Ligand code: ATP
């Protein structure tokens, strides 16, 4: 499998810039996700790599060789579209065989490859059906088998789960992860769903307005976001502005609800003014616990969500969101109840401006 590199690609459509100066590398067998809100340029990047559109600037390299002028059919890329785009007049087996015929595989090889692919996506015995005779989940598996049949060097998946309901989403997600790991095909996955991205990816590239905001493993991006956009997009809801001051060996962050003791911000000067705190990193208790960064607060809202309880608490006129597991609960927190919250130093994240 080749190493794939996208180097400084930009693309504008008439009056708008779709992507601007995007660069990333994909290692052999890696699954990376392009994650971002609608219109952030994810599909444009995929279409450029597939050769369906041309970039204005930049290069796309397969094993160090620029393939910008190589036509789509010669790039050896498998593509699964959001809509699956199965050929309605062809059977499942014929859909899977399609790319093999255009690549002039010999008949016996096509037959055995189709059998192998049907087995891979758990559709053995359904080769003679037409797409209209399949469920949504089955259609998506045919699309995956069709894309993988010609042994592509790169698999591109554009929102492959978006047309499916919740339970089918999870099962196809598991199939994709399992197959991708089994055959080790380098894969670029596109989604706007941060949970899905964290579940499937080796690495996430977060896009907004056509530019890369931040990239890294799901754990790195989620647990230590550097940018406010990343923190917000991945679900951190407590973003606070304030002033960081150093007092002897202590770092203190002055917020609207009080002073927080923090760890030393690494590689930074002490002019930080934005921090993020995850709702699940704030603990809440009925009695004072004398832990660090403890404040008294009032419950403003409590919603029971099964395994989790979402609380909104007010501390010195500032609202904070807290998520606790149902098993942690001492007793049902009610609106207006007085509680104590504490925020461990290590969970206060400094964001770049
Ligand atoms: P979504 O999640 O909604 O599919 P996306 O992140 O994939 O969005 P793109 O489809 O890549 O975003 O679009 C990026 C920007 O480029 C958008 O502003 C879009 O309107 C614009 N765009 C994309 N394709 C075209 C086109 N063929 N002509 C004009 N503008 C386009």
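Select, from 282, 212, the only residue that is surrounded by 18 or more Cβ atoms within 10 Å (Cβ to Cβ) and either in the same structural domain as residue 195 (by TED's automatic domain parsing) or at positive phi (or both).
212
Can you tell which of 195, 220, 182 is within 16 Å of the ligand (Cβ to nearest atom), assigned by TED's automatic domain parsing to the domain that holds residue 61, assigned to a helix (DSSP H, G or I) and out of contact with any strand residue (DSSP E or B) (no Cβ under 6 Å at 6 or more places or on another chain)?
Going through 195, 220, 182 in turn, the sole match is 195.
Is it true that some residue in the stretch 303-316 is under 32 Å from the mean Cα position of the chain (by Cα), in a strand (DSSP E or B) and farther than 14 Å from residue 279 by Cβ?
Yes, the stretch 303-316 has at least one match.
What residue, among those in the stretch 330-353 that are more than 24 Å from residue 225 (Cβ to Cβ) and exposed (fewer than 14 other Cβ atoms within 10 Å of the Cβ), is modelled with the highest pLDDT? Break it down into steps so the answer makes sense when it comes.
Looking only at the stretch 330-353, we keep the residues that are more than 24 Å from residue 225 (Cβ to Cβ), and these are 330-340.
Next, from what is left, pick out any that are exposed (fewer than 14 other Cβ atoms within 10 Å of the Cβ): 330-332, 334-336, 338.
On the way: 330: 59, 331: 61, 332: 70, 334: 84, 335: 89, 336: 91, 338: 94.
The qualifying residue modelled with the highest pLDDT is 338.
List the number of the failed condition for residue 321; all other conditions in (1) out of contact with any helix residue (DSSP H, G or I) (no Cβ under 9 Å at 6 or more places or on another chain); (2) part of a strand (DSSP E or B) hold.
For residue 321, the failing item is (1).
Anything in the stretch 198-209 that is surrounded by fewer than 20 Cβ atoms within 10 Å (Cβ to Cβ) and either within 16 Å of the ligand (Cβ to nearest atom) or within 26 Å of residue 350 (Cβ to Cβ) (or both)? List them, or say none. Step through it out loud before you land on a result.
So in the stretch 198-209, the residues surrounded by fewer than 20 Cβ atoms within 10 Å (Cβ to Cβ) come out as 198-199, 202-203, 208-209.
Listed by number, the residues that qualify are 198, 203, 208, 209.
Given the conditions (1) crowded, with 18+ Cβ neighbours inside 10 Å; (2) modelled with pLDDT of 90 or more, report the number of the one that residue 244 does not fulfil.
Tallying (1) crowded, with 18+ Cβ neighbours inside 10 Å; (2) modelled with pLDDT of 90 or more, residue 244 fails exactly one: (2).
So which residues in the stretch 57-81 are assigned to a loop (DSSP other than H, G, I, E, B), loosely packed, with under 15 Cβ neighbours inside 10 Å and either on the phi > 0 side of the Ramachandran plot or in contact (Cβ under 8 Å) with a residue 12 or more places away in the chain (or both)? Steps first, please.
Initial filter on the stretch 57-81 (assigned to a loop (DSSP other than H, G, I, E, B)): 63-64, 67-71, 75-76, 81.
Next cut, loosely packed, with under 15 Cβ neighbours inside 10 Å only: 63-64, 68-71.
If the condition is that a residue be assigned to a loop (DSSP other than H, G, I, E, B), loosely packed, with under 15 Cβ neighbours inside 10 Å and either on the phi > 0 side of the Ramachandran plot or in contact (Cβ under 8 Å) with a residue 12 or more places away in the chain (or both), then 63, 64, 68, 70, 71 are the ones that fit.
Note down all Cβ pairs under 7 Å where the first residue falls in the stretch 177-206 and is more than 28 Å from residue 226 (Cα to Cα) and modelled with pLDDT under 95, the second is part of a helix (DSSP H, G or I) and within 16 Å of the ligand (Cβ to nearest atom), and they're at least six residues apart or on different chains.
none
Within the stretch 132-163, how many residues are under 14 Å from residue 78 (Cβ atoms), assigned to a loop (DSSP other than H, G, I, E, B) and more than 16 Å from the ligand (Cβ to nearest atom)?
Selection size over the stretch 132-163: 5.
Just wondering, is there one or more residues in the stretch 40-51 that are within 12 Å of the ligand (Cβ to nearest atom), surrounded by fewer than 16 Cβ atoms within 10 Å (Cβ to Cβ) and within 26 Å of the chain's Cα centre (by Cα)?
Within the stretch 40-51, none of the residues are within 12 Å of the ligand (Cβ to nearest atom), surrounded by fewer than 16 Cβ atoms within 10 Å (Cβ to Cβ) and within 26 Å of the chain's Cα centre (by Cα).
Considering only residues that are more than 11 Å from the ligand (Cβ to nearest atom), touching a strand residue (DSSP E or B) at 6+ places or on another chain (Cβ under 7 Å) and in a loop (DSSP other than H, G, I, E, B), which ones fall in the stretch 18-37?
Listed by number, the residues that qualify are 28, 29, 30.
Would a scan of the stretch 94-106 turn up a residue that is under 32 Å from the mean Cα position of the chain (by Cα), assigned to a helix (DSSP H, G or I), at pLDDT 90 or above and surrounded by fewer than 17 Cβ atoms within 10 Å (Cβ to Cβ)?
no
Restricting attention to the stretch 67-90, does a residue exist that is in contact with a helix residue (DSSP H, G or I) (Cβ under 6 Å, 6 or more places away or on another chain), within 15 Å of the ligand (Cβ to nearest atom), more than 30 Å from residue 129 (Cα to Cα) and assigned by TED's automatic domain parsing to the domain that holds residue 180?
Among the residues of the stretch 67-90, not one is in contact with a helix residue (DSSP H, G or I) (Cβ under 6 Å, 6 or more places away or on another chain), within 15 Å of the ligand (Cβ to nearest atom), more than 30 Å from residue 129 (Cα to Cα) and assigned by TED's automatic domain parsing to the domain that holds residue 180, which makes the answer no.
Would you point out which residue out of 85, 143 is modelled with pLDDT under 90 and under 22 Å from residue 163 (Cα atoms)? Before the answer, list the steps.
Numbers: 143 fails: modelled with pLDDT under 90.
Just a single option satisfies the conditions, and that option is 85.
The values are calculated or read from the model by the stated rules, or taken from the named source; none is laboratory data. All values derive from a computational prediction rather than experimental measurement. Glycine gets a Cβ as well: all are built from the backbone with ideal geometry, and neighbour counts include every protein chain shown.
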